[in-house]
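The values are calculated or read from the model by the stated rules, or taken from the named source; none is laboratory data. Worth saying up front: this structure is predicted, and the values here are computed from it rather than measured. FYI the Cβ positions are ideal-geometry reconstructions off the backbone, even for glycines, and counts take in every protein chain you see.
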Amino acid sequence: MKLEFDLAIVGGGIVGSAVGYGLAKAGKRVIIIDGADHALRASRTNGGLVWVQGKGANFPAYQRLTRQSADMWAGLAAELRELTNIDMEYRRSGGMIFCLSADQLETQRATAEKMARAHPDYQFEICDRTRFEKMLPGIRLGPKVCGGLFSPMDGHVNPLLMLRALVDAFVLSGGKLVTGQKVRSIAPSEGAYRLTADQMTVSAERVLIAAGNDSAEFAESLDLPLKLTPERGQIMVTERVAPLFPYASNGLRQHVTGTFQLGVTHEKVGRSVDVTSNGANYIAKRVMSIMPDLANLRVVRQWAGLRVLTPDGYPIVDRSRSYAGVHFIACHSGVTLVAFHAGPFAKWLAEGAPGNPYADFSGSRFDIGVAA
Ligand SMILES: Cc1cc2nc3c(=O)[nH]c(=O)nc-3n(C[C@H](O)[C@H](O)[C@H](O)COP(=O)(O)OP(=O)(O)OC[C@H]3O[C@@H](n4cnc5c(N)ncnc54)[C@H](O)[C@@H]3O)c2cc1C
């Protein structure tokens, strides 16, 4: 069989596009096959945070991975801008966590101190209310805000421009992109793999499954140690106002364009991506307790997406138990991890995936076999 591609990637979200770009840059013949328009796409519904705080407090390997990716982000943003002329509006602005009670502040402090014990260069500041007020001169904080945490390691980006830049960079680097084609089956064939999609068949030496929540569709046939528990997140966006809030924050940030992004919810509702008035109420209540004056802004959009969540919330980076050439990634925080996927992970794949550097992220940690 004549092999058309060194690697075929199933899924053109931010994970597939980032890895695809890194592989194409390394000179590999790569195809990304991406599904239909109505497919679940976390990459088009996320909050755009490049977030470090709290990540991996109970899983130091994940803290390391997050830090590695966040530290590489500025370099990737500059590289993609140079290549595609797209400014992704990335800023490592630092991030705030607002606390509404002394208990919340204590919990956040304990988490940050735990992270600093695992990695002493972890940077954070415990802020009282007065400190936050000084940092936010144009903003009136709600009466319950007692302070919180600030870390200069956090940032944010326009996630749609980021996806666009990754896709463009992939194609400009020689990758082949096919859209509107759902891969229906992946089967070993003559020492390689044959992928059958709606209207095409391709062969590749190796495969990366990066199909978000739909990666689970391949778990049984390809013996992937993969289980996902999708979680809905709703987000709202306001009308534009003058720049007021320069920092990232979980659940609240101001875009470069002036709009405020509010949210997000955490809901176990199967595969529903409906928006709800309950979700809007929950978001508005929380935001108004932090910055009450935002209640004067008109909300112009609300949307929902499904997080690609594993049972413990940490990424799975693994390969099939039966087919060594079939790799897969499933992760929440795919925005934060983009620089890792486009950089070290793609390089490792391009080199033939030697050793097992991502053993900490194996799906085997859940001890789930195909039978589960
Ligand atoms: C509300 C919300 C807020 C979030 N906020 C943040 C944040 O602030 N920061 C952060 O780092 N992360 C955030 N995330 C997480 C982040 O968006 C995801 O980790 C990331 O988008 C996952 O990307 P993906 O490429 O794996 O999946 P997806 O974006 O879902 O892409 C999967 C792709 O695979 C394709 N596909 C599926 N099946 C097939 C098939 N059989 N054949 C071909 N193609 C297929 C689909 O068409 C789709 O394009 C958030 C997520 C949500 C839902």
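Listed values, structure above:
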{"item": "Cβ pairs under 8 Å, 6+ apart, first in the range 44-65 and farther than 15 Å from residue 251 by Cα, second hydrophobic (A, V, I, L, M, F, W, C) and assigned to a loop (DSSP other than H, G, I, E, B)", "result": "63/57; 65/337"}
{"item": "One residue from 238, 196 being of a type in the set (Ser, Thr, Tyr), surrounded by 16 or more Cβ atoms within 10 Å (Cβ to Cβ) and either under 30 Å from residue 290 (Cα atoms) or within 12 Å of the ligand (Cβ to nearest atom) (or both)", "result": "238"}
{"item": "Conditions (1) surrounded by 20 or more Cβ atoms within 10 Å (Cβ to Cβ); (2) touching a Lys or Arg at 6+ places or on another chain (Cβ under 9 Å); (3) not assigned by TED's automatic domain parsing to the domain that holds residue 172: number failed by residue 32", "result": "(3)"}
{"item": "Residue in the range 14-22 that is at pLDDT 95 or above and touching an Asp or Glu at 6+ places or on another chain (Cβ under 6 Å) present", "result": "no"}
{"item": "Matching residues in the range 246-273 - criterion: being touching a residue at least 24 places away in the same chain (Cβ under 8 Å), among the hydroxyl-bearing types (Ser, Thr, Tyr) and either loosely packed, with under 15 Cβ neighbours inside 10 Å or touching a His at 6+ places or on another chain (Cβ under 7 Å) (or both)", "result": "272"}
{"item": "Exclusive hit being in contact with a helix residue (DSSP H, G or I) (Cβ under 8 Å, 6 or more places away or on another chain), of a type in the set (Phe, Trp, Tyr) and in a helix (DSSP H, G or I), set 170, 150", "result": "170"}
{"item": "Test: residue in the range 103-111 that is part of a loop (DSSP other than H, G, I, E, B) and surrounded by fewer than 24 Cβ atoms within 10 Å (Cβ to Cβ)", "result": "no"}
{"item": "Residues of the range 279-305 satisfying the condition of being surrounded by 16 or more Cβ atoms within 10 Å (Cβ to Cβ) and either under 30 Å from residue 228 (Cβ atoms) or touching a Pro at 6+ places or on another chain (Cβ under 7 Å) (or both)", "result": "279, 280, 282, 283, 284, 286, 287, 302, 304, 305"}
{"item": "Answer residue from the range 39-65, given it is near the ligand (Cβ under 9 Å from one of its atoms) and part of a helix (DSSP H, G or I) and is farthest from the chain's Cα centre (by Cα) among those", "result": "44"}
{"item": "Unique residue being crowded, with 17+ Cβ neighbours inside 10 Å, assigned by TED's automatic domain parsing to the domain that holds residue 165, more than 12 Å from the chain's Cα centre (by Cα) and more than 12 Å from the ligand (Cβ to nearest atom) when the list is 77, 24", "result": "24"}
{"item": "Test result for residue 157, farther than 30 Å from residue 53 by Cα, hydrophobic (A, V, I, L, M, F, W, C) and out of contact with any helix residue (DSSP H, G or I) (no Cβ under 7 Å at 6 or more places or on another chain)", "result": "no"}
{"item": "Filter result (of a type in the set (Val, Ile, Thr) and under 21 Å from residue 21 (Cβ atoms)) within the range 317-368", "result": "317, 326, 329, 335, 336, 338"}
{"item": "Any hit, the range 125-145, residues being crowded, with 20+ Cβ neighbours inside 10 Å and either modelled with pLDDT under 95 or under 30 Å from residue 23 (Cβ atoms) (or both)", "result": "no"}
{"item": "Tally of residues being in contact with a helix residue (DSSP H, G or I) (Cβ under 9 Å, 6 or more places away or on another chain) and farther than 20 Å from residue 156 by Cα across the range 100-127", "result": "7"}
{"item": "Unmet requirement for residue 238, which otherwise passes all of (1) modelled with pLDDT of 95 or more; (2) over 30 Å from residue 137 (Cα atoms)", "result": "(2)"}
{"item": "Among (1) buried (at least 17 other Cβ atoms within 10 Å of the Cβ); (2) under 22 Å from residue 41 (Cα atoms); (3) of a type in the set (Val, Ile, Thr) - the single one residue 276 does not satisfy", "result": "(1)"}
